[in-house]
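Read the figures in this text as sums done on the coordinates, not as results from a lab. No experiment lies behind these values; they were computed from the predicted model shown. Methodologically, a virtual Cβ is constructed for each residue, glycine included, from the backbone with ideal geometry; neighbour enumeration extends over all protein chains shown.
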Amino acid sequence: MSAIKPAYLTENPSHDAIIDIINEEAFGPGRFARAAERVREQGPHDRHLSFVAAVDEQIVGSVRMTPILAGEVAGHLLGPLAVRPQFKNLGIGRQLVRISVDAVLASGSDAVILVGDAPYYRPLGFEPVQAKLRFPGPVDPDRILVAPKTVAIHAGLDGEIRWRRVEEQASELPAAEGL
């Protein structure tokens, strides 16, 4: 594979089918049993803050952001994050995380939370949550992480994680293209 130059685009409905395939490849059918999926079932993710990576106009990766309340803190749940197998270990997933976290924080959200592997997310600045958050299903508390720019609000991150309704996001948020 020669030098790959992904384009990063705001997700739109035309991406749904390929995103489903990418998530199936990455997580298999067990993904529907995860605690974070219980939150995502409560309502839609925010397309304005969710992104895809394209290589030669082919979608090869995706990250979604779902609006949540973490106790009383209005934030977003990052995930799923997935990259097609032949495009892994090229930095695409990490760039999708950076773009989505920056977009979420620029939108005024107070927190970005995820359930994931600390060895992958810690180099991106994510920290273990120092609070008691409850998901609508079992989750290893050591896998609940918070974005680096929201660490200061740890004290308010206490309580149930649940989907929250947001007003239609303004389309003036910049689309991340060709970063």
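Points worth noting:
- Under a 5 Å amide H cut-off, with hydrogens placed 1.01 Å from N, R84 pairs with G61 among residues at least 5 apart or on other chains.
- 20 Å tail of the calculated P(r), segment 1-113, as % of Cα pairs: 39
- Calculated log₁₀ intensity ratio I(q)/I(0) where the Debye formula runs over C-alpha points of segment 85-137, q = 0.15, 0.22, 0.27, 0.31 Å⁻¹: -0.53, -1.00, -1.21, -1.29
- Dipole magnitude (debye, nearest 20) for segment 1-84, charges at Cβ of Lys, Arg, Asp, Glu: 180
- Mean Cβ count within 10 Å, highest first, over the residues of peptides 90-102, 71-83, 106-118: 71-83, 90-102, 106-118
- For R165, R34, R64, order by how many other beta-carbon atoms lie within 10 Å, fewest first: R165, R34, R64
- Shown for T66, T10: other C-beta atoms within 10 Å of each C-beta, ranked fewest to most, produce the order T10, T66.
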